[in-house]
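Here's the structure we're looking at; comments come further down.
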Amino acid sequence: MTTIATRPYPEEIAQRLKSEGIHPVLARIFAARGICSSAELNMELGALLPPSGLKAVQDAAVFLADCIATGKRMTVIADYDCDGATACAVAIRGLRMFGAQMTYIVPNRFEYGYGLTPEIVELAVATHAPDVLITVDNGIASVDGVKTARDKGLSVLITDHHLPGDTLPDANVIVNPNQPECGFDSKSLAGVGVMFYVLLALRAELRQRGVFDQRSQPRLDTLLDLVALGTVADVVSLDSNNRVLVSQGLKRIRQGQFCPGVAALFRVAGRDFHQATPFDMGFALGPRLNAAGRLADMSLGIECLLTDSMERAWEIAQMLNAMNAERKQIEQDMQEVALIQLELYGSDSQHAIVAFDENWHQGVIGILASRLKDKFYRPVIAFAPGDTGLLKGSGRSIAGFHLRDALDLVSKRYPDLICKFGGHAMAAGLTIVQNDLPRFAKAFETVAQEWLQKEDLQKVVATDGSLTADAFSLDFVYLMDQYVWGQSFPPPTFSGEFRVIQQRVLKERHLKLVLEREDGTRYDAIWFGHNTYVPDVAHVAFRLDINEYNGTTRLQLLVEHIEE
């Protein structure tokens with residue numbers, strides 16, 4: 001069951017924001033999201049947290065400066081998702097600005113798995129003969145891989161943002177806001193954000209060494225389109241620091257200041273970069289880039305972000321678009337199988353969902369887990385066949401259930417059950433022996449029952465309450481669009497009573513409506529993914545949107561949920 005609720009907010013904070021010039025409706029919206037002063041809404045680059053707060057970032061800067069000065073060959077070890085791809089592109093583009101000799105490797109998820117493994121070290125040595133390995137968006141759990149690299153005489157710099165295990169790898173330097181004793185205030189930096197911060201520190205170090213001055217130093221802000229894309233696509237919390245990074249990246253994109261690959265992705269997705277939003281990055285560009293890593297090899301996506309040729313970028317973007325279409329079909333087929341399974345075995349009595357089919361695609365199980373989580377509002381882990389006798393799992397979670405910690409508890413209770421795991425509060429990956437699937441499902445369900453009450457499994461659509469009549473306007477939508485919204489800083493959602501004047505189902509998938517307010521004003525509305533009719537009078541949770549069709553721009557409501 002899904003219910004609609006209004007977010008609480010401190011009235012005195014809302015009044016303060018209003019007195020500081022914030023629109024009255026936005027004042028209560030920001031107050032409900034923990035904003036206490038209009039100064040916290042400063043999205044200029046000067047509002048970024050200084051790199052000095054990031055543990056070992058100065059060590060990384062000195063390490064890289066020395067490597068560049070001595071002509072060391074450096075190879076980036078990337079991850080195969082959008083964050084990893086953008087982090088790799090930022091590392092390559094940024095370090096080349098400083099004169100570094102750079103190559104990269106991204107593990108094929110089907111052949112090598114995730115991170116800096118001993119096998120990836122062997123591959124790097126054989127193909128690139130590097131002196132230095134630099135991980136981006138991975139490495140904090142690569143104890144064995146780092147040991148292999150050090151045994152071969154290679155130096156290793158780890159840049160990552162994932163939660164560490166009990167043992168840290170013996171790298172030369174580790175930069176990770178989530179490592180022990182790191183006091184950096186933004187624990188939610190994406191992998192691409194961590195790498196960007198390393199470059200900021202490196203530039204300062206090279207400036208201090210007299211390599212260049214303020215006027216002649218490389219422009220790292222030219223990388224912010226990539227930083228913004230990776231940050232949004234990785235669905236990390238958009239705290240104030242991440243909002244600055246995303247806002248500045250969007251600002252550059254809207255001005256047409258972006259790399260050819262990002263331009264090509266906007267074009268192939270049919271999105272107008274002049275009106276770029278976080279939604280475009282999370283739901284249009286990100287999935288197309290991710291498709292390479294899910295179905296084939298993310299090196300194609302990284303090449304798209306690294307090429308300076310518009311022609312080559314467009315060629316690759318079309319290939320990524322075709323892959324994404326294929327991914328959608330695979331995902332749809334997997335969903336149908338999963339729903340049949342859950343209907344047969346029942347899910348209402350469960351606190352968690354563990355699903356597996358021998359025909360499922362290893363690269364798409366993360367999306368499947370996300371879809372099932374949204375539908376059933378339970379922590380979900382979906383498995384697909386891995387190496388012989390093994391299963392690869394990808395999980396997505398709900399509020400109040402820290403997925404990585406849950407896997408850690410299962411691992412501690414049953415040390416032989418999980419081969420390896422890692423991730424965040426809301427997303428994680430793991431590997432188990434196929435024959436252990438029933439035992440794992442039982443152990444995972446036990447943790448879910450211990451940590452979650454029945455009321456935790458009721459999905460709540462949180463709204464910002466009612467909307468004044470004057471705010472039902474395009475001008476107010478344009479005002480909201482000046483700010484960055486996303487994970488942990490959700491876009492404004494409102495609720496109100498409406499009469500349902502018209503309703504019809506489009507393409508058997510979406511409900512198109514005309515809703516009427518008490519004052520008689522009518523609005524077009526659409527409820528995506530819902531194909532059953534609703535009552536004549538309804539309590540509607542909705543977001544404001546701009547609908548442009550045949551040269552006409554009109555306000556429309558995007559329905560989140562409807563109650564009688």
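The values are calculated or read from the model by the stated rules, or taken from the named source; none is laboratory data. Small disclaimer: the values here were computed from a predicted structure and weren't measured. Using ideal geometry, Cβ is built from the backbone for each residue, glycine included, and neighbour counts are taken over all protein chains shown.
As for segment 72-84, it holds at least one residue that is in contact (Cβ under 8 Å) with a residue 60 or more places away in the chain and farther than 26 Å from Gly366 by Cα. When segment 240-287 is filtered for residues that are without any contact (Cβ under 8 Å) to a residue 60 or more places away in the chain and β-branched (Val, Ile, Thr), the ones remaining, listed by number, are Ile253, Val262, Val268. Mind listing just one residue for me: the one in segment 57-96 that is crowded, with 23+ Cβ neighbours inside 10 Å and part of a loop (DSSP other than H, G, I, E, B) and, of those, modelled with the highest pLDDT? Of everything passing the filter in segment 57-96, Ala78 is modelled with the highest pLDDT. Going through (1) in the same structural domain as Thr446 (by TED's automatic domain parsing); (2) closer than 29 Å to Gln458 by Cα; (3) touching a strand residue (DSSP E or B) at 6+ places or on another chain (Cβ under 7 Å) one by one, Gly386 falls short only on (2).
The requirement of being in the same structural domain as Val121 (by TED's automatic domain parsing), part of a loop (DSSP other than H, G, I, E, B) and over 28 Å from the mean Cα position of the chain (by Cα) is satisfied by Gly99.
Residues that are among the aliphatic types (A, V, I, L, M), touching a residue at least 40 places away in the same chain (Cβ under 8 Å) and surrounded by fewer than 17 Cβ atoms within 10 Å (Cβ to Cβ) within segment 98-141 comprise just one, Ala129.
All conditions but one from (1) crowded, with 19+ Cβ neighbours inside 10 Å; (2) in contact (Cβ under 8 Å) with a residue 60 or more places away in the chain; (3) not in a helix (DSSP H, G or I) apply to Asn290; the one that does not is (3).
Looking only at residues of segment 501-524 that are within 32 Å of the chain's Cα centre (by Cα) and closer than 12 Å to Ile562 by Cα, we find that the one that is surrounded by the most Cβ atoms within 10 Å (Cβ to Cβ) is Leu513. Scanning segment 530-564 for residues that are touching a Leu at 6+ places or on another chain (Cβ under 9 Å), farther than 18 Å from Ala5 by Cα and among the β-branched types (Val, Ile, Thr) yields Thr532, Val534, Ile546, Thr553. Does Asp456 qualify as being in contact with a Pro (Cβ under 6 Å, 6 or more places away or on another chain) and either without any contact (Cβ under 8 Å) to a residue 60 or more places away in the chain or not assigned by TED's automatic domain parsing to the domain that holds His351 (or both)? No: the conditions fail for Asp456.
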